[in-house]
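Participant: I am attaching a structure below and will ask some questions about it afterwards.
The values are calculated or read from the model by the stated rules, or taken from the named source; none is laboratory data. Keep in mind the model is a prediction, meaning the values are calculated, not measured. Quick reminder, even Gly has a Cβ in these numbers, built from the backbone with ideal geometry, and neighbours come from all protein chains shown. Heavy atoms of the whole protein, side chains included, go into the accessibility calculation; ligands, DNA and RNA do not. Shrake-Rupley method; radii C 1.70, N 1.55, O 1.52, S 1.80 Å.
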Amino acid sequence: MKRNLVLAVHGSTVPEAATAVGRLADAVRPLTGAPVTVGYLDHRKPSLPYVLADRPGAVVVPLLLGDGYHRTVDIPSVARHFDCAVTRGLAGEHGVALALYDRLRAAERAAGGPADAVVVAGAGSSRPGGDDGTLTAVRQLRRLLPVPVTVAYCSASAPAPAEEVARLHAAGFRRVAVAAHLLAPGRFTRALAEVPGTWAVSEPLADHARVAGLVAARYATADGRAEAAGPPGPGATRTTRTTMGGRPGARAA
């Protein structure tokens, strides 16, 4: 029987965020053949502890584009109570950059043509290494685009998107697009839509087919490792296996 797959999501008060994540879950189910459930870290229910209490031994895929506090501390600390395997998040994956490229090109087409400079806007993190996923996406996107690609952050790190767009305009660029290195609609995507002087702002990534494929690959590696003997093959996704220290008798809200 397939192990449960739980998508660990930050959560947002914006209803469209849950809708986008729901579309991702729907896309992942036929790719894995597994039961897929969403558990939220904040703002929405069901919470991740609530979901895992009913699914001990599940594979947890952090639906995060950075390796900040949530990915490195919050999710593993919850998962260890339920004997779960926690995979890596999505930070730094080439598939994320390709999804970002697709979303950017769609926004440019809607605006009437290509940008002459691009700002990749990530969520931002104050944790060491927390911005590495966004920085990797910038490097990967530079190899796909013939125009300058720079970085900005919606919180915690600098520069802010409005500052970077203004800087590029001051440098002589006229069509400055913002590529949203974000998974779901929320306060950050709303803020990006209001940045002055943007030529185009791309949509978030959660429901892109490449993201579904990455999640399915994370699950397949973790699920297969639980059943197969011997070390994983080259390029396999590392998982963190936690040992349950006694399942709580009540669900955490």
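Participant: For the stretch 175-198, how many residues meet the condition of being open to solvent by 70 Å² or more (accessible area, probe 1.4 Å) and in contact with a strand residue (DSSP E or B) (Cβ under 8 Å, 6 or more places away or on another chain)?
Facilitator: Of the residues in that region, 2 qualify.
Participant: So how many residues does the stretch 199-210 have that are among the small types (Gly, Ala, Ser) and part of a helix (DSSP H, G or I)?
Facilitator: So in the stretch 199-210, the residues among the small types (Gly, Ala, Ser) come out as 200, 202, 206, 209.
Within this subset, residues satisfying the condition of being part of a helix (DSSP H, G or I) are 209.
Residues that pass the stated criteria total 1.
Condition check ((1) among the acidic types (Asp, Glu); (2) under 22 Å from residue 137 (Cβ atoms); (3) modelled with pLDDT under 95) across all residues:
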{"site": "159", "(1), (2), (3)": "no, yes, no"}
{"site": "172", "(1), (2), (3)": "no, no, no"}
{"site": "175", "(1), (2), (3)": "no, yes, no"}
{"site": "188", "(1), (2), (3)": "no, yes, no"}
{"site": "191", "(1), (2), (3)": "no, yes, no"}
{"site": "228", "(1), (2), (3)": "no, no, yes"}
{"site": "239", "(1), (2), (3)": "no, no, yes"}
{"site": "245", "(1), (2), (3)": "no, no, yes"}
{"site": "249", "(1), (2), (3)": "no, no, yes"}
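Participant: Right, something else. Take the residues in the stretch 1-18 that are among the β-branched types (Val, Ile, Thr) and assigned to a loop (DSSP other than H, G, I, E, B); name whichever of them is surrounded by the fewest Cβ atoms within 10 Å (Cβ to Cβ). Write out each step before concluding.
Facilitator: First, the residues of the stretch 1-18 that are among the β-branched types (Val, Ile, Thr): 6, 9, 13-14.
Of the ones still in play, those that are also assigned to a loop (DSSP other than H, G, I, E, B) are 13-14.
Values: 13: 11, 14: 18.
Restricting to residues being among the β-branched types (Val, Ile, Thr) and assigned to a loop (DSSP other than H, G, I, E, B), the top hit is 13.
Participant: Please specify each residue of the stretch 118-139 satisfying the condition of being within 20 Å of residue 214 (Cα to Cα) and open to solvent by 40 Å² or more (accessible area, probe 1.4 Å).
Facilitator: 132, 135, 139
Participant: Which one is surrounded by the most Cβ atoms within 10 Å (Cβ to Cβ), of the residues in the stretch 78-112 that are in contact (Cβ under 8 Å) with a residue 24 or more places away in the chain and part of a loop (DSSP other than H, G, I, E, B)? Reasoning before the result, please.
Facilitator: If we filter the stretch 78-112 for residues that are in contact (Cβ under 8 Å) with a residue 24 or more places away in the chain, which is where we start, we get 78-104, 106-108, 110-111.
Right, trim to part of a loop (DSSP other than H, G, I, E, B) and you get 83-84, 88-93.
Numbers: 83: 16, 84: 28, 88: 20, 89: 23, 90: 26, 91: 24, 92: 19, 93: 22.
In this case the residue turns out to be 84.
Participant: Further question: Just to check your reading of the model, which residue among 28, 21, 51 is touching a residue at least 40 places away in the same chain (Cβ under 8 Å), assigned to a helix (DSSP H, G or I), under 14 Å from the mean Cα position of the chain (by Cα) and surrounded by 17 or more Cβ atoms within 10 Å (Cβ to Cβ)?
Facilitator: 21
Participant: Any residue at all in the stretch 33-45 that is in a helix (DSSP H, G or I), of a type in the set (Ser, Thr, Tyr) and either in contact (Cβ under 8 Å) with a residue 12 or more places away in the chain or buried (at least 22 other Cβ atoms within 10 Å of the Cβ) (or both)?
Facilitator: Of the residues in the stretch 33-45, the ones in a helix (DSSP H, G or I) are none.
The answer is no, given that none of the residues of the stretch 33-45 is in a helix (DSSP H, G or I), of a type in the set (Ser, Thr, Tyr) and either in contact (Cβ under 8 Å) with a residue 12 or more places away in the chain or buried (at least 22 other Cβ atoms within 10 Å of the Cβ) (or both).
Participant: Answer yes or no: is there a residue in the stretch 62-69 that is over 19 Å from residue 216 (Cβ atoms) and surrounded by 24 or more Cβ atoms within 10 Å (Cβ to Cβ).
Facilitator: Within the stretch 62-69 (the criterion being over 19 Å from residue 216 (Cβ atoms) and surrounded by 24 or more Cβ atoms within 10 Å (Cβ to Cβ)), the answer is yes, since at least one residue qualifies.
Participant: Filter the stretch 169-198 down to the residues that are touching a Cys at 6+ places or on another chain (Cβ under 8 Å) and not in a loop (DSSP other than H, G, I, E, B) and list them by number.
Facilitator: 188, 191, 192
Participant: What do you reckon, is residue 115 touching a residue at least 24 places away in the same chain (Cβ under 8 Å), more than 21 Å from residue 70 (Cα to Cα) and surrounded by fewer than 19 Cβ atoms within 10 Å (Cβ to Cβ)? Talk me through it step by step, then tell me what you get.
Facilitator: Values: touching a residue at least 24 places away in the same chain (Cβ under 8 Å): yes; more than 21 Å from residue 70 (Cα to Cα): yes; surrounded by fewer than 19 Cβ atoms within 10 Å (Cβ to Cβ): no.
Considered against the rule, which asks whether it is touching a residue at least 24 places away in the same chain (Cβ under 8 Å), more than 21 Å from residue 70 (Cα to Cα) and surrounded by fewer than 19 Cβ atoms within 10 Å (Cβ to Cβ), residue 115 comes out as no.
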